[in-house]
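Beneath this line is the structure, given in structure tokens, with notes to follow.
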């Protein structure tokens, strides 16, 4: 027990097994270090910049929104990643699942984890920020994706992203179903496509209605000059719509 105490006493975030082996004075010191570490991680997350995700039905203008935002200073919105963040979410869920086995001192030791969940989230956040804002020069960064909202897990998916990125902003980009199904992406199966599009739209709307404080509704039909809704998206993101951003409305990249 003494060897275990010596080995782990210096860790800022200490396991329950080791904590039980410490004296009251040592436990108080460990708790203070844990609180300080959590405060540091929170401060680091808040100063890293704002993460933004543009969730779209596909062929609803998400690439145009990406181009417009990237025409603004300090903004870097990347393209689709095939829901790569699902793997980070699964990692955290497995980590939480391991803690459920901490039912006794023996199993706390057998399932001993290297650190608390706050540290796991912090390290994953650092990974993501390092990828999306590698030089630290952008105050707003993120990605756009068309694969969310189809399976009923949107609330859980965005809850994880909010944990990972405090202050997350979400843009919901939609288009009228009857117009969307005619576009190249959806035209091969109009009936099936319409069902998927309606499912996504309903999922987006339900989440938007629950979380209006950090979500914005951006219809394809309002991606035009003079639109107060389009201007409202930039206001929501605290980013001025520059002339270069507005000029993207005149560029046609696809049919």
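Laboratory data are not the source of any read-out in this text; all were calculated from the coordinates shown. As the structure is a prediction and not an experimental result, all values here were calculated from the model. Reconstructed Cβ throughout: ideal geometry from the backbone, glycine too, with neighbour counts over all protein chains shown.
Expressed in nm to one decimal, what extension gain is obtained for the pair residue 78 and residue 187 from 0.36 nm per residue of sequence separation less their Cα-Cα distance?
Length difference between fully extended and current span is 36.6 nm.
So how much slack lies between residue 86 and residue 107, counting 0.36 nm per residue of separation and subtracting their Cα-Cα distance, in nm?
Full extension of this stretch gives 4.7 nm more.
By counting other Cβ atoms within 10 Å of each Cβ, how are 132, 148, 208 ranked from fewest to most?
208, 132, 148
For the pair residue 244 and residue 214, what calculated FRET efficiency results from E = 1/(1 + (r/R0)^6), where r is the Cβ-Cβ distance and R0 = 35 Å, to the nearest 0.05?
Approximately 0.85, to the nearest 0.05.
Decide, for region 148-232, between rounded, prolate and oblate: order the square roots of the alpha carbon gyration tensor eigenvalues as a ≥ b ≥ c, take rounded if a/c falls under 1.5, and otherwise choose prolate if a/b is larger than b/c, else oblate.
oblate
Any chance you could run the full-extension gain for residue 153 through residue 178? It's 0.36 nm times the residue separation minus the Cα-Cα distance, nm to one decimal.
Gain on stretching residue 153 to residue 178: 6.5 nm.
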